[in-house]
Amino acid sequence: MTAFNPFGPDAQVQTIEQMTVENDPARVSVYGRLDITRDRDGLQNARALSALLDAVVAKLESEPALPDHVSDAPKTHPMNNPFA
């Protein structure tokens, strides 16, 4: 697995089994399913998940001016109606 750069300038996707972690400059999205079984495969999955989340936490903790909340609204700009 390549190094995960949370909130990096380029889109990045990591998968662990059926769980997907998508990265963009504004957010890290986690979705899907991951079973951590009580065996070596489960340990490998747990370590991979831990590494991804540790990278996200470290990046957030390094931000000196981290806001309390970010807007979920899409970024838009005014447009003229082409049908008017």
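The values are calculated or read from the model by the stated rules, or taken from the named source; none is laboratory data. Predicted, not measured: the structure shown is a model, and the values here were computed from it. Every residue, glycine among them, receives a Cβ derived from its backbone with ideal geometry; neighbour counts consider all protein chains shown.
Could you pull out the residue among Thr37, Thr76 that is among the hydroxyl-bearing types (Ser, Thr, Tyr) and modelled with pLDDT under 95? Even if it seems obvious, please write down each step before you answer.
Details: Thr37 fails: modelled with pLDDT under 95.
Result: Thr76 is the single residue among Thr37, Thr76 that is among the hydroxyl-bearing types (Ser, Thr, Tyr) and modelled with pLDDT under 95.
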Item to check | Near pairs, Cβ below 6 angstrom, 6+ apart or cross-chain, from region 1-27 (farther than 22 Å from Leu66 by Cβ) to any residue that is surrounded by fewer than 12 Cβ atoms within 10 Å (Cβ to Cβ) | outcome: Gln18/Gly32; Gln18/Arg33; Met19/Gly32; Thr20/Tyr31; Thr20/Gly32
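Condition first: in a strand (DSSP E or B) and charged (D, E, K, R). Now tell me which residues in region 27-84 satisfy that. Break it down into steps so the answer makes sense when it comes.
Here is the first cut: in region 27-84, the residues in a strand (DSSP E or B) are 28-33.
Within region 27-84, Arg33 is the sole residue that qualifies.
Taking region 28-53 as the search range and keeping residues that are free of Cβ contacts under 8 Å to residues at least 24 places away in the same chain, within 29 Å of Ser71 (Cα to Cα) and surrounded by 12 or more Cβ atoms within 10 Å (Cβ to Cβ), which one is farthest from the chain's Cα centre (by Cα)? Steps first, please.
Initially, region 28-53 is screened for residues free of Cβ contacts under 8 Å to residues at least 24 places away in the same chain, giving 29-44, 46-47, 50, 53.
Within this subset, residues satisfying the condition of being within 29 Å of Ser71 (Cα to Cα) are 29-34, 50, 53.
Next, only the ones that are surrounded by 12 or more Cβ atoms within 10 Å (Cβ to Cβ) stay: 30, 34, 53.
Details: Val30: 6, Leu34: 15, Leu53: 9 Å.
Filtering first and then ranking leaves Leu34.
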Checklist entry - Would it be correct to say that Val21 is surrounded by 10 or more Cβ atoms within 10 Å (Cβ to Cβ), among the β-branched types (Val, Ile, Thr), touching a strand residue (DSSP E or B) at 6+ places or on another chain (Cβ under 7 Å) and assigned to a helix (DSSP H, G or I)? => result no
